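Encoded as structure tokens, the structure appears first; notes follow it.
Readers should treat all values here as calculations from the given coordinates under stated rules, not as data from a laboratory. Computed from a prediction, not measured in an experiment: that's the story for all the values here. For neighbour counting, all protein chains shown are included, and Cβ atoms are generated from backbone atoms with ideal geometry for every residue, glycine included.
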Amino acid sequence: SPQIVWLRRDLRLCDHHAFTAAAEAGPVIPVYVLDDETPEDRRMGGASRWWLHHSLAALADDLGRHRSKLVLRRGRASDVLGALVEETGAEAVHATRHYEPWWREAEEELAERIRLCLHDGNYLLPPGTVTTGSGSPYKIYSPFRDAMREAIDGFDPLPEPSLTNPDTWPESDDLADWGLLPTKPDWAGGMVDVWDGTFGTSAAMARFERFLDGVKDYGVDRNLPAEDGTSRMSPHLHHGEVSPRMLWDAMSRYTTDGANTFRNELIWRDYAQNVIQQFPKYAEEPYRDGYDDSFWRNPNRGHLIAEELEAWQRGLTGYPIVDAGMRQLWATGWMHNRVRMIAASFLVKHLLIDWRHGEQWYWDCLVDADYGNNGVNWQWISGTGVDSNMFVRIMAPLSQSEKFDAADYIREWVPELADLSDAEIHDPSDKCRPDDYPAKIIGHKEARERALETYRASKR
Ligand code: FAD
């Protein structure tokens with residue numbers, strides 16, 4: 001009898017344990033359910049929905065090559081799947097295990113109604129499997145990374161399964177009717193420029209192979225926003241068009257320091273999920289005590305603070321590196337990692353605004369918005385998380401901008417400043433600052449002192 005494969009953030013056929021197990025058990029019905037109810041406040045953001053549209057279209061093409069189909073349904077996943085099992089007479093639903101708290105609940109609920117077979121495969125190793133000597137999961141990245149490096153002995157990703165079809169196909173929605181793409185205003189033009197032609201497994205792997213040609217320089221280039229020195233695999237990994245094991249395997253013959261650094265970055269992704277598995281609310285609530293509402297300047301406390309948040313969101317803070325990053329994010333759905341850090345630190349320390357406002361904005365704007373990666377990185381920058389307290393380590397955006405040679409990056413994203421020299425562009429003086437670029441929202445020294453004083457006061 002037919003087997004349903006329930007797809008979520010695993011939109012691929014290769015290295016897909018649920019697809020492989022289903023194909024071995026019977027004819028396969030691949031299903032994607034657009035579910036805006038189960039995640040409640042964590043409904044997918046606008047940029048992720050845009051990506052999802054293209055990723056589903058690419059997967060439907062791949063399935064077409066196998067003479068199979070992608071069935072699209074909309075609604076609460078456990079209800080929709082429960083009904084679909086009845087409708088098709090399916091014997092089981094196979095799915096990749098997810099760790100977001102709402103998916104864990106949905107999996108539990110569904111397992112009570114039908115036969116649900118969960119498979120691992122979206123991470124290098126299933127979260128929770130690498131543990132300390134005493135058997136508990138790791139909280140801190142470095143020992144986790146070392147233990148992962150020890151535990152990993154290469155991977156042998158699964159090939160695409162050979163699929164057989166059910167006698168009759170259930171009805172499917174039309175992807176175009178889901179409204180995942182913006183209509184008016186169409187804000188996705190910059191995203192099309194950057195990402196068009198890269199969706200789906202084979203395009204992503206081709207991009208990754210090109211990245212590997214220069215991976216020996218990754219250790220240095222990854223910090224330079226003006227260079228195209230990172231893999232840009234994050235949206236492909238988030239939506240599961242590729243698995244991290246496929247990337248690890250593809251780079252098995254690369255032994256340079258750059259390749260090693262890249263492997264450690266992939267382990268960050270596993271680390272974040274390892275934290276979410278232990279603390280499911282991690283992206284919503286500070287882990288440490290002392291960082292509740294009263295610590296922050298929250299936008300609901302006055303219109304000036306709300307305006308500052310908006311200036312940060314729109315890239316109008318008067319700090320060129322921060323503004324360049326926030327505008328890159330808005331235009332393309334992606335921001336360079338170094339700049340994600342600088343911009344996040346600026347919101348939390350210079351403006352003293354609760355990291356959760358920043359987390360939400362990234363969630364809505366990133367094509368790779370990921371509950372684990374986003375929450376873990378925001379808490380890390382803010383010093384509110386499981387790591388040693390970083391709040392007092394305040395990044396200086398202007399010197400970061402110089403140190404990582406961001407002049408051309410700023411020229412690209414803040415065109416008002418394009419004519420300034422390398423010496424001026426990181427921190428334009430009042431004399432050379434063009435009229436259409438704002439003055440600094442707050443001075444660096446003043447902001448730093450305010451942040452440190454707030455921290456000291458919270459400890460008294
Ligand atoms: P590469 O440098 O090529 O790295 C390869 C892969 O390793 C990435 O695709 C990603 O899967 C993983 N990786 C790299 N750095 C990290 C990291 N610090 N944490 C977790 N995984 C990492 N990444 C997301 O995928 N989704 C998010 O929502 C997200 N939010 C972030 C928020 C903040 C405040 C910060 C500082 C970082 C965030 N990151 C997030 C991590 C990182 O910035 C991106 O993964 C990276 O910039 C993606 O570009 P890339 O694929 O070219 O990275």
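How large is ³J(HN,Hα), in whole Hz, for each residue of region 21-38 in order, when computed from phi with the Karplus curve 6.51 cos²θ - 1.76 cosθ + 1.60 and θ = phi - 60°, using x for Gly and Pro?
My calculation for region 21-38 gives 5, 5, 5, 6, 8, x, x, 10, 10, x, 10, 10, 10, 7, 10, 9, 8, 4 Hz in order.
Once every DSSP H run of n ≥ 4 in the chain is given -39500 (n - 2.57) and the sum is divided by its residues, what mean residue ellipticity at 222 nm do you get, rounded to the nearest 500 deg cm²/dmol?
My calculation for the chain gives -14000 deg cm²/dmol from helical runs alone.
To test your reading of the geometry: what angle, between 0 and 90 degrees and rounded to tens, separates the Cα axis of helix 141-151 from the longest principal axis of the chain?
Helix 141-151 sits at roughly 30 degrees to that axis.
Which whole-number percentage describes the relative contact order of region 407-460, with Cα contacts under 8 Å and a sequence gap of 6 or more?
Contact order relative to length: 24 percent.
Relative to the present Cα-Cα distance, how much length would full extension add between L304 and A203 at 0.36 nm per residue of separation?
In short, 31.8 nm is gained.
Given +1 on the Cβ of Lys and Arg, -1 on the Cβ of Asp and Glu, and no further charges, what dipole in debye does region 293-459 carry about its Cα centre, rounded to the nearest 20?
With only Lys, Arg, Asp and Glu charged at Cβ, the dipole is about 700 debye.
Divide, for region 123-182, the radius of gyration over alpha carbons by 2.2 N^0.38 Å, where N is the residue count.
2.00
Around Q277, what is the net charge, scoring Lys/Arg as +1 and Asp/Glu as -1 over all other residues with Cβ under 11 Å from its Cβ?
Neighbour charge sum, excluding Q277 itself: 0.
I'd like the orientation of helix 201-213 relative to the chain: the angle between its Cα long axis and the longest Cα principal axis, in ° from 0 to 90, rounded to 10.
For 201-213 against the chain, the angle is about 50 degrees.
Once amide H atoms are placed 1.01 Å from N in the peptide plane, what residues at a sequence separation of 5 or more from D354, or on another chain, have their amide H within under 5 Å of its amide H?
Sorted by chain and number, the residues that satisfy this are R297.
Working from the alpha-carbon coordinates of the chain, get Rg over Rh, Rh being the Kirkwood radius.
0.98
Computed over the Cα atoms of region 1-156, what is the convex hull's projected area averaged over all directions, in nm²?
Taking the Cα atoms of region 1-156, their convex hull projects to 10.9 nm² on average.
If packing is taken as the mean number of other Cβ atoms within 10 Å per residue, what is the order of 83-94, 283-294, highest first?
83-94, 283-294
How high is the relative contact order of region 1-122? Use alpha-carbon pairs under 8 Å, at least six apart in sequence, and give a whole percent.
36
Could you name the lysines whose alpha carbon sits less than 21 Å from that of K139, not counting residues in the same chain fewer than 8 places away?
K281
Enumerate the amide H contacts of H119 below 5 Å, restricted to partners 5 or more residues apart or on another chain; note that Pro and chain-start residues carry no placed amide H.
A95, T96, R97
Provide the per-residue ³J(HN,Hα) series for region 394-411, in order, calculated from phi with Karplus coefficients 6.51, -1.76, 1.60 and θ = phi - 60°, each as a whole number of Hz, with x at glycine and proline positions.
9, 5, 9, x, 5, 6, 4, 4, 5, 4, 9, 6, 8, 3, 5, 4, 5, 4
For K440, go through the lysines and keep the ones whose alpha-carbon is under 26 Å away, minus same-chain ones fewer than eight residues off.
The qualifying lysines are K349, K403, K431.
What is the distance in Å between the Cα centroid of region 197-265 and that of region 271-341?
26
Restricting to the chain, what percent of DSSP beta bridges are antiparallel, rounded to 5?
Just about 5 percent of them are antiparallel.
Would you mind checking which residues have amide H under 5 Å from R74's amide H? H placed 1.01 Å from N; only 5 or more apart, or other chain.
Close amide H contacts, sequence-distant or interchain: L34.
Please label the shape of region 331-460 as rounded, prolate or oblate, based on the square roots a ≥ b ≥ c of the eigenvalues of the alpha-carbon gyration tensor (a/c under 1.5 means rounded; beyond that, a/b larger than b/c means prolate, else oblate).
oblate
How large is ³J(HN,Hα), in whole Hz, for each residue of region 130-140 in order, when computed from phi with the Karplus curve 6.51 cos²θ - 1.76 cosθ + 1.60 and θ = phi - 60°, using x for Gly and Pro?
Calculated HN-Hα couplings, in order: 8, 10, 6, x, 8, x, 9, x, 6, 9, 9 Hz.
By how many nm would the segment from T132 to T168 grow when fully extended, if each residue of separation counts as 0.36 nm and the alpha-carbon distance is taken off?
In short, 8.0 nm is gained.
For helix 77-88, report the angle its Cα long axis makes with the longest principal axis of the Cα atoms of the chain; keep it between 0 and 90° and round to the nearest 10°.
On a 0 to 90 degree scale, this one is about 20.
Relative contact order for the chain: what is it in percent, counting Cα pairs under 8 Å that are at least 6 residues apart?
18
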